[in-house]
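Data first, discussion second: the structure below is written as structure tokens.
The values are calculated or read from the model by the stated rules, or taken from the named source; none is laboratory data. Note that the structure is predicted; figures quoted are calculated from it, not measured. Neighbour counts are summed over all protein chains in view; Cβ atoms, including those assigned to glycine, are modelled from backbone coordinates with ideal geometry.
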Amino acid sequence: MNGLQRPRIVETKDGMRKGLFNEIIKCKKCLSLGIDYRKERKENLKLAYHFLPKPIRVLWVLESPPKSYPPRYFYRPELTQHDDLYREVMKCFGIKPTNPKTHGLEIFQAMGHFLIDIAKCPVDKDNSHLKHQIFENCSAIFTKEVLELCPEKILIVKSNNYDLVLSRLKEIGYGERIVNDKPIPYPGSGQQVRFRKAISKYLQ
């Protein structure tokens, strides 16, 4: 596996991996780019890992948390008008979105699904010109996270992420776990129907 070793896992009572958790929240690589997302990153990770299923049947890989104020994220409990990803994922499983999102997230977890981002800092809006560098900064952490989570299957969402994630997962021997052989569009900007059809096709 190209010298990559699965790190020792130490779990808290809610299943959070302490070593990796601390590495992610303490990362300062993007400070040199003028991005300080440490507070929100820590909050996001705590919220996400609260809904960590065991085992993970399907790992959804997205691009990054969105840049927004107040902070918006798939696992944040408050449902906002811009939570397209959460709404469309729930529709794929016939779950009515609620506010707070807890009910839908619990069902998502019970089905063995978990969602992570390649980049732990936002790469959209005025950070978009830094996307390549942010991905580079998060590359090692993303690899470690996938190895620790050890999902049965992997679903890559957003077209411009597909080749990058595919290449990285092949390097660690996880290429055969990817279920979509083509990019899946992000469910925004009129792509919602295409997104739901693709999810239905690959997760049937």
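Against the condition surrounded by fewer than 21 Cβ atoms within 10 Å (Cβ to Cβ), part of a helix (DSSP H, G or I) and free of Cβ contacts under 8 Å to residues at least 24 places away in the same chain, how does Leu147 come out, does it pass? Step through it out loud before you land on a result.
Values: surrounded by fewer than 21 Cβ atoms within 10 Å (Cβ to Cβ): yes; part of a helix (DSSP H, G or I): yes; free of Cβ contacts under 8 Å to residues at least 24 places away in the same chain: no.
Answer is no for this residue.
With farther than 23 Å from Ile184 by Cα, at pLDDT below 90 and touching a helix residue (DSSP H, G or I) at 6+ places or on another chain (Cβ under 6 Å) as the only criterion, which of Arg8, Arg17 stands out?
Details: Arg8 fails: touching a helix residue (DSSP H, G or I) at 6+ places or on another chain (Cβ under 6 Å).
Answer to the check: Arg17.
Within the set of pairs 6+ apart or on separate chains, which have a first residue in region 49-69 that is part of a loop (DSSP other than H, G, I, E, B), a second that is acidic (Asp, Glu) and surrounded by 19 or more Cβ atoms within 10 Å (Cβ to Cβ), and C-beta atoms under 7 Å apart?
Close Cβ pairs satisfying both conditions: Glu63/Asp117; Ser64/Asp117; Pro65/Asp117.
A quick yes/no check of all residues on (1) out of contact with any Pro (no Cβ under 9 Å at 6 or more places or on another chain); (2) surrounded by 14 or more Cβ atoms within 10 Å (Cβ to Cβ):
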position	(1), (2)
Leu52	yes, yes
Arg57	no, no
Pro70	yes, no
Met90	no, yes
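Say we look at region 121-144 and pick out the residues that are outside any loop (DSSP other than H, G, I, E, B) and among the charged types (D, E, K, R); which of these is farthest from Ile35 (Cα to Cα)?
Within region 121-144, the match that is farthest from Ile35 (Cα to Cα) is Lys144.
Looking at Lys120, Lys197, Lys158 in this structure, which one is under 23 Å from Asp84 (Cα atoms), modelled with pLDDT of 95 or more and of a type in the set (Lys, Arg)?
Details: Lys120 fails: modelled with pLDDT of 95 or more; Lys158 fails: modelled with pLDDT of 95 or more.
The unique qualifying residue is Lys197.
Hey, among the residues in region 117-136 that are touching a residue at least 24 places away in the same chain (Cβ under 8 Å) and surrounded by fewer than 22 Cβ atoms within 10 Å (Cβ to Cβ), which one's nearest to Leu164 (Cα to Cα)?
Filtering region 117-136 down to residues touching a residue at least 24 places away in the same chain (Cβ under 8 Å) leaves 117-127, 130, 133-135.
Imposing the further condition that a residue be surrounded by fewer than 22 Cβ atoms within 10 Å (Cβ to Cβ) reduces the set to 124-127, 130, 133, 135.
Details: Asp124: 17, Lys125: 20, Asp126: 21, Asn127: 18, Leu130: 16, Gln133: 13, Phe135: 9 Å.
Only one residue tops the list, namely Phe135.
Got a sec? Which of Leu115, Leu155, Leu166 is within 20 Å of Val58 (Cα to Cα), of a type in the set (A, V, I, L, M), part of a helix (DSSP H, G or I) and under 17 Å from the mean Cα position of the chain (by Cα)? Show your work before the answer.
Working: Leu115 fails: part of a helix (DSSP H, G or I); Leu155 fails: part of a helix (DSSP H, G or I).
The conditions single out Leu166.
Mind listing whichever residues of region 75-88 are surrounded by fewer than 20 Cβ atoms within 10 Å (Cβ to Cβ), among the charged types (D, E, K, R) and part of a loop (DSSP other than H, G, I, E, B)?
If the condition is that a residue be surrounded by fewer than 20 Cβ atoms within 10 Å (Cβ to Cβ), among the charged types (D, E, K, R) and part of a loop (DSSP other than H, G, I, E, B), then Glu78 is the only one that fits.
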